[in-house]
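Okay, structure first, notes after.
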Amino acid sequence: MSMLEGKLAAVTGGSRGIGREICRALSLAGADVAFLYAGNEEAAAETLEIIKSAGVRGFSYRCDVSDAECVRASFGELLGELGGVDILVNNAGITRDGLSMRMKDEDFDRVVAVNLAGAFYCSRAVIPTMMKKRSGKIINMTSVSGLTGNAGQANYSASKAGLIGLTKALARELAPRKITCNAVAPGFVETDMTAAFRDNAELEKSIPLGRFARAEEVAEVVKFLASPAADYITGEVIRVDGGLAI
């Protein structure tokens with residue numbers, strides 16, 4: 001029996017990058033996977049095919065996670081069709097980098113709305129059914145930037161640091177109902193978001209392991225936290241950064 005057989009996982013930002021690899025890893029572990037995506041229909045179709053090719057059920061929902069009403073409607077549809085969610089991975093995230101003194105209000109607000117408020121809205125949507133079942137896993141994708149800060153990323157670093165606080169608060173709130181909440185903090189990962197930095201030799205030298213992570217390496221840590229092997233871990237932040245934040 002696969003470690004996640006019979007479980008339903010919901011993954012936000014699941015159509016590309018780390019989110020797609022998380023969908024792949026969870027589906028290969030036996031979970032049915034429903035993912036939310038912002039708008040790229042072609043990428044969403046590709047992820048859906050990856051999930052189904054693992055021999056499990058796959059579902060996709062278009063949703064802007066920063067919109068509380070959209071989240072409420074999407075999860076209402078998801079829960080109505082599929083029942084309770086066993087695993088929630090809050091992966092949706094964006095960047096709008098710039099020095100603080102020049103950062104526009106809308107760039108700060110938008111990043112915080114997607115990265116932090118979106119994770120809260122989605123968690124709030126699944127918590128009632130998890131509480132009824134007295135089980136569940138919530139996994140938030142934060143970042144090393146949320147631990148150390150990063151110049152030019154005041155909005156992103158603040159949103160990811162906020163996610164760590166949200167993770168710990170939910171871990172304390174939900175532990176009595178046997179629901180865990182943990183966070184994964186990647187460093188530089190080979191995705192579209194980091195394409196501009198990938199040939200930077202100096203940046204790679206700053207990473208003790210000397211390279212960017214592969215998205216599947218991050219996904220494997222998420223899969224572990226979603227599995228029964230992590231039942232006694234909650235409120236934790238696991239870095240997947242090649243030693244960047246040592």
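The values are calculated or read from the model by the stated rules, or taken from the named source; none is laboratory data. This structure is a prediction, so every number in the text was calculated from the model and none was measured. Cβ: placed from backbone, ideal geometry, glycine included. Neighbour counts: every protein chain shown. These area figures cover heavy atoms from the full protein model, side chains too; ligands, DNA and RNA do not enter into them. Shrake-Rupley method; radii C 1.70, N 1.55, O 1.52, S 1.80 Å.
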Scanning the stretch 73-86 residue by residue, the ones that are in contact with a helix residue (DSSP H, G or I) (Cβ under 9 Å, 6 or more places away or on another chain) and surrounded by fewer than 20 Cβ atoms within 10 Å (Cβ to Cβ) total 4
Considering residues that are free of Cβ contacts under 8 Å to residues at least 24 places away in the same chain, over 18 Å from Glu21 (Cα atoms) and in contact with a helix residue (DSSP H, G or I) (Cβ under 8 Å, 6 or more places away or on another chain), the number found within the stretch 201-246 is 1
Expected single match for modelled with pLDDT of 95 or more, in contact with a helix residue (DSSP H, G or I) (Cβ under 7 Å, 6 or more places away or on another chain), of a type outside the set (Lys, Arg) and farther than 24 Å from Glu69 by Cα among Ala119, Ala154 is Ala154
So the strands (runs of 3 or more DSSP E) completely within the stretch 1-72 holding 1 or more residues that are in contact with a Ser or Thr (Cβ under 7 Å, 6 or more places away or on another chain) and open to solvent by 10 Å² or more (accessible area, probe 1.4 Å) are 32-37, 58-62
Just one listed residue, out of Ala154, Ala158, is among the small types (Gly, Ala, Ser), open to solvent by 10 Å² or more (accessible area, probe 1.4 Å) and touching a Ser or Thr at 6+ places or on another chain (Cβ under 8 Å), and it is Ala154
Scanning the stretch 121-139 for residues that are in a helix (DSSP H, G or I) and open to solvent by less than 90 Å² (accessible area, probe 1.4 Å) gives Tyr121, Cys122, Ser123, Ala125, Val126, Ile127, Pro128, Thr129, Met130, Met131
Result of the Cβ filter at 6 Å on the stretch 45-63, keeping first residues that are in contact (Cβ under 8 Å) with a residue 24 or more places away in the chain and partners that are surrounded by 14 or more Cβ atoms within 10 Å (Cβ to Cβ) and acidic (Asp, Glu), at least 6 apart or interchain, is Val56/Asp32; Arg57/Asp32
(message) Suppose the filter is in contact (Cβ under 8 Å) with a residue 24 or more places away in the chain, closer than 21 Å to Asp192 by Cα, surrounded by 18 or more Cβ atoms within 10 Å (Cβ to Cβ) and not aromatic (Phe, Trp, Tyr); does Val111 pass it?
(response) yes
Legend entry - Residue in the stretch 87-107 that is touching a Lys or Arg at 6+ places or on another chain (Cβ under 9 Å), of a type in the set (Gly, Ala, Ser) and surrounded by 18 or more Cβ atoms within 10 Å (Cβ to Cβ) present: yes
Looking across the stretch 202-246 at residues that are open to solvent by 80 Å² or more (accessible area, probe 1.4 Å) and part of a loop (DSSP other than H, G, I, E, B), the single one that is nearest to Gly136 (Cα to Cα) is Asp231
Among the residues of the stretch 140-151, the number that are open to solvent by 30 Å² or more (accessible area, probe 1.4 Å), in contact (Cβ under 8 Å) with a residue 24 or more places away in the chain and either within 22 Å of Phe75 (Cα to Cα) or outside any helix (DSSP H, G or I) (or both) is 1
Would you call Ile233 among the aliphatic types (A, V, I, L, M) and at pLDDT 95 or above?
yes
Checking Gly118, Gly84, Gly80 in turn, the sole residue that is in contact (Cβ under 8 Å) with a residue 24 or more places away in the chain, part of a helix (DSSP H, G or I) and farther than 21 Å from Ala215 by Cα turns out to be Gly118
Per the filter on the stretch 161-201, residues over 19 Å from Val112 (Cα atoms), surrounded by fewer than 18 Cβ atoms within 10 Å (Cβ to Cβ), modelled with pLDDT of 95 or more and among the hydrophobic types (A, V, I, L, M, F, W, C) are Ala175
